[in-house]
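The values are calculated or read from the model by the stated rules, or taken from the named source; none is laboratory data. Predicted, not measured: the structure shown is a model, and the values here were computed from it. Don't worry about glycine lacking a Cβ; one is built from the backbone with ideal geometry, like all the others, and counts go over all protein chains shown.
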Amino acid sequence: MPAPPPAAPALVAIIGRANVGKSTLFNTLTRSSQALVGDLPGVTRDRHLGRVVWGESTFLLVDTGGLVGGGDDLGRQVKRQAEAAVADADAILLVMDGKDGPQAGDAEVVDYLRTTGKPLFLVINKIDHPGRELHLAEFYGFGLSPLYPVSATHKLGLSPLLEEVLKSLPQAPEFPEATPGIRVAVVGRPNVGKSSFINRVLGEERLIVSDLPGTTRDAIDTPLAYEGRDYVLIDTAGLRRPSHVDPGLEKGMVLKAFKALERCDVALLLLDAREGLTGQDLRIASLIAEEGKGCVVGLNKWDLVPGEVRPAALKQAKEGLDFLPYAPLVSLSVLTGHNLPRVFTLIDEIHQQLGRRAGTGELNRLIAEITRRVRPPLFRFRPIKFYYLTQPETHPPTFIAFVNHPEGVPESYRRYLVKELRKQLGLSHAPLRLFLKGRQSSRRR
């Protein structure tokens, strides 16, 4: 029986007034996890959504923007923002300013959040001076206990908060049986042909399909048999620019697309060939890159692009997505069926490469050959030595190179290593992660 699809991490929402330190708390909690998974040059994530890694546990964290207003307007704003924040959240961090104390309207926020029935943690930020702890008593008036005094800036008080948050989060769901097939998330801006693609491939096969619940309440997974192979299509809502995301509607859409990427094996990123590569396309592509997912980039509506501008359209997309060098670019037309079989052929190839595992002997021969062909530069007038290379993980293929001075390896040489490993191991269409780890030479140990 095939392995069940990975469960998307639980979601924790941060809400509160403007200037209470929500963004600082968000950055403090997510920065450590970004360092653990590795930074990808030139790739950033939407700063309002990130992953928190604490010990062996992981959850998603979303920053929901400040609550502002006054009087009746405040009430409407509170309700709209709170509904958006808690709609998909498994737990809520309500952040207040320990320096300024409770404010008018805070009780209304607490009362509303209580009605959701979701775990609620009252976080009192800016408790970075012994004298400010004396003001904590004012916050007990909201009837929430215990309080969690923290200093997001100085990283104080976070351990007790995170430990209790993790206890409140749901466990991974049970799967009575796994749906066989490569999991493919179809992502892209609205109106690029995402739904049309899914309908087309399902319609061509004339399948009677039943919608199977995904690992979360956010997405519907649809099994597909295409030319004798099994797939699971993860349908997602189109992503729009952050400024166009209405807090009550499309914020959840962005989260669903992100969770779909968490659960997929390969992403199909659809672009509108007539419009070319946009900033929002780049935002989605950066999410795919940071998640380490295989990717096929489809230039849809190719039949509507005049022949004389097609070379320029391909060039613009390829150059703009240079941080995804492993993602094949395919011109296609959902309307006419042009190149649809090619998309699935590439998905199969990518999935196979994602599972490629090389032996330690092969990797050590490769790293010796690669570093001998182009030697690393000196670091502080001393040679950089690569001792050995291991592959601890697949999906994506992940490598650790043990080196005497990892901090002295320039990014240009790191890119050279990645390029050569991809070439020598036959990983032309797979994301590849390379981490450098220090190790003293055997002579000095």
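At-a-glance table
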read-out	value
Pairs with Cβ under 6 Å, 6+ apart, first in segment 273-300 and at negative phi, second among the basic types (Lys, Arg) and modelled with pLDDT under 90	Gln280/Arg189; Gln280/Arg241; Glu290/Arg45
All positions within segment 122-152 that are exposed (fewer than 15 other Cβ atoms within 10 Å of the Cβ) and at positive phi	Gly143
Qualifying residue in segment 196-213 (condition: part of a loop (DSSP other than H, G, I, E, B), of a type outside the set (Val, Ile, Thr) and either at pLDDT 50 or above or under 23 Å from the mean Cα position of the chain (by Cα) (or both))	no
Enumeration of residues in segment 306-326 that are out of contact with any Gly (no Cβ under 8 Å at 6 or more places or on another chain) and crowded, with 20+ Cβ neighbours inside 10 Å	Leu321, Leu324
Hits in segment 100-140 - residues which are at pLDDT 85 or above, within 17 Å of Thr24 (Cβ to Cβ) and either charged (D, E, K, R) or more than 32 Å from the chain's Cα centre (by Cα) (or both)	Lys126
Scan of segment 394-411 for residues that are out of contact with any helix residue (DSSP H, G or I) (no Cβ under 7 Å at 6 or more places or on another chain), closer than 28 Å to Ala267 by Cβ and either loosely packed, with under 13 Cβ neighbours inside 10 Å or polar (S, T, N, Q) (or both), ordered by number	Thr398, Glu411
Residues within segment 379-401 that are in contact (Cβ under 8 Å) with a residue 12 or more places away in the chain and either of a type in the set (A, V, I, L, M, F, W, C) or assigned by TED's automatic domain parsing to the domain that holds Gly294 (or both), tallied	7
Of the criteria (1) in contact (Cβ under 8 Å) with a residue 60 or more places away in the chain; (2) on the phi > 0 side of the Ramachandran plot, which one Ile347 fails	(2)
Segment 87-121, subset more than 26 Å from Leu156 (Cα to Cα) and touching a residue at least 24 places away in the same chain (Cβ under 8 Å), residue surrounded by the most Cβ atoms within 10 Å (Cβ to Cβ)	Asp88
Condition broken by Gln352, with the remaining ones in (1) among the polar types (S, T, N, Q); (2) in contact (Cβ under 8 Å) with a residue 12 or more places away in the chain; (3) under 16 Å from Gly426 (Cβ atoms) satisfied	(2)
Given (1) within 30 Å of Gly408 (Cα to Cα); (2) surrounded by 12 or more Cβ atoms within 10 Å (Cβ to Cβ); (3) not β-branched (Val, Ile, Thr), number of the condition Leu335 does not satisfy	(1)
So Arg183, is it of a type in the set (D, E, K, R) and at pLDDT below 90	no
Which numbered condition Leu340 fails, given (1) outside the structural domain of Leu425 (by TED's automatic domain parsing); (2) in contact with a helix residue (DSSP H, G or I) (Cβ under 6 Å, 6 or more places away or on another chain)	(2)
Total residues in segment 367-378, condition surrounded by fewer than 17 Cβ atoms within 10 Å (Cβ to Cβ) and outside any helix (DSSP H, G or I)	4
Close pairs (6 angstrom Cβ cut-off, 6 or more residues apart or separate chains): in contact (Cβ under 8 Å) with a residue 40 or more places away in the chain in segment 407-430, surrounded by fewer than 19 Cβ atoms within 10 Å (Cβ to Cβ) and among the charged types (D, E, K, R) anywhere	His429/Glu349
Some residue of segment 146-159 being part of a helix (DSSP H, G or I) and either under 30 Å from Leu269 (Cβ atoms) or at pLDDT 90 or above (or both)	yes
Residue satisfying condition, being touching a strand residue (DSSP E or B) at 6+ places or on another chain (Cβ under 6 Å) and small (Gly, Ala, Ser), within set Gly307, Gly298	Gly298
Some residue of segment 188-195 being among the polar types (S, T, N, Q) and either modelled with pLDDT under 85 or farther than 29 Å from Leu94 by Cα (or both)	yes
